[in-house]
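The values are calculated or read from the model by the stated rules, or taken from the named source; none is laboratory data. The structure presented is a predicted model; accordingly, all values stated were derived computationally and were not measured. Here the Cβ positions follow ideal geometry from the backbone for every residue, glycine too, while neighbour counts run over all protein chains shown. Remember, those area values only see protein heavy atoms, side chains included, never the ligands or the DNA or RNA. Shrake-Rupley method; radii C 1.70, N 1.55, O 1.52, S 1.80 Å.
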Amino acid sequence: MTRSFIQPIMLAAVCLLSCITLQAQDTALFREANQLYREQEYRAAAAKYQQLIDSGYQVADLYFNAGNAYYKSNQTGMAVYSFEKALNLNPGDDAIEHNLQLANLQVNNTIESLPMLFFERWWLQWQQLHTAAGWAIGTIVLFWLCCAGAMAYFFIPRFQGNPYIRWSATAFAVLFIGYFSMAVWMHNKAYNSGVGIVLKTVKVKAAPDDGGKDLFDAQEGVKVHLLDATSEYCKIELADGKTGWIAVADVKEL
């Protein structure tokens with residue numbers, strides 16, 4: 001099932017006072033992609049969705065649709081990547097999490113990940129309290145509430161010196177700092193995560209060179225940490241701690 005990405009974009013545009021304008025050709029391209037998906041032309045539909053993403057649209061539902069099309073066309077690496085991107089933009093979405101699990105079942109992954117510590121689980125739950133747009137919208141709302149409280153406390157005679165107004169403004173300011181920090185962190189996570197998805201099964205080498213010794217296989221769709229990079233090779237780390245080098249073209253950063 002595909003989702004519309006137009007409504008979330010318009011909502012974000014209004015709330016964030018941004019100037020996003022959907023061009024007519026992009027809307028037509030999105031409808032064409034949906035039509036191709038309904039006709040089970042999944043590979044062609046994935047290419048259309050990807051064309052929209054590459055043109056600059058960073059919307060969870062668009063990545064979700066692309067992930068479904070990649071999954072249906074057996075492009076597991078890009079399917080996992082698209083669902084992971086969608087989940088970064090909309091944490092806690094049940095449908096995205098479900099489809100990501102389905103895609104990961106297609107990954108021939110025998111790596112045993114280390115269990116998460118309790119504070120790591122708390123931090124993950126805190127991130128999922130809002131979407132990236134939700135943290136940004138909350139930041140704007142709290143900023144204006146803080147300003148309104150301060151103006152009332154200092155400039156409106158009726159409220160001057162009122163302790164309730166003072167403490168309310170202080171609480172809004174603290175929440176504003178928290179929401180602003182999370183909004184910045186979510187933005188950095190979306191664009192500079194330091195995590196990538198392997199796009200095809202490759203041999204991981206001991207050195208960033210074609211003649212480097214083969215160490216182990218990295219399976220298509222596996223999530224890896226990106227440790228270092230040259231112009232042609234990227235150093236990766238698997239969940240079990242193994243490290244090595246693969247071609248930059250074989251991994252896509254989230």
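Values for this structure:
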quantity: 25 Å Cα-Cα threshold exceeded, pairs from Lys85/Lys205; Lys72/Lys200; Lys203/Lys223; Lys48/Lys252; Lys203/Lys252; Lys205/Lys252; calculated: Lys85/Lys205
quantity: The chain: relative contact order as a whole-number percent, Cα under 8 Å and 6+ apart; calculated: 16
quantity: Met78 accessible area, assembled protein chains, probe 1.4 Å, Å²; calculated: 30
quantity: Protein accessible area in region 42-141, 1.4 Å probe - carbon and sulfur %; calculated: 56
quantity: Listed residues Thr76, Thr230 arranged by accessible area, highest first, probe 1.4 Å; calculated: Thr230, Thr76
quantity: Listed residues Asp94, Asp240 arranged by accessible area, highest first, probe 1.4 Å; calculated: Asp94, Asp240
quantity: Karplus (6.51, -1.76, 1.60) ³J(HN,Hα), θ = phi - 60°, over region 124-130, in Hz, Gly and Pro reported as x; calculated: 5, 5, 5, 4, 7, 4, 9
quantity: Accessible-area order (highest first, 1.4 angstrom probe) of the listed residues Val107, Val184; calculated: Val184, Val107
quantity: Cα-projected label distance for Thr243 with Arg158, points at 7 Å along beta-carbon direction, nm; calculated: 6.4
quantity: Expected 222 nm ellipticity per residue - DSSP helices of 4 or more, -39500 (n - 2.57), all of the chain, to 500; calculated: -18000 deg cm²/dmol
quantity: Share of alpha-carbon pairs per 5 Å distance bin for the chain, given as whole %; calculated: 1, 6, 11, 13, 15, 14, 12, 10, 7, 4, 3, 2, 1, 1, 0, 0
quantity: Accessible area of region 156-198 belonging to carbon and sulfur atoms, whole % at 1.4 Å probe; calculated: 68
quantity: Among Glu120, Glu84, Glu220, residue whose mean-square fluctuation peaks in a GNM of the chain (springs only between Cα atoms under 10 Å); calculated: Glu120
quantity: Surface accessible to a 1.4 Å probe, Leu199 within the full protein complex, Å²; calculated: 50
quantity: Shape metrics for region 142-254, restricted to C-alpha atoms - Rg then Dmax, Å; calculated: 24.9, 78
quantity: Vicinal HN-Hα couplings computed from phi for region 228-236 (Karplus, 6.51 cos²θ - 1.76 cosθ + 1.60; Hz; Gly/Pro x); calculated: 7, 7, 10, 5, 10, 10, 10, 8, 10
quantity: Rounded accessible area per residue of the chain, 1.4 Å, Å²; calculated: 58
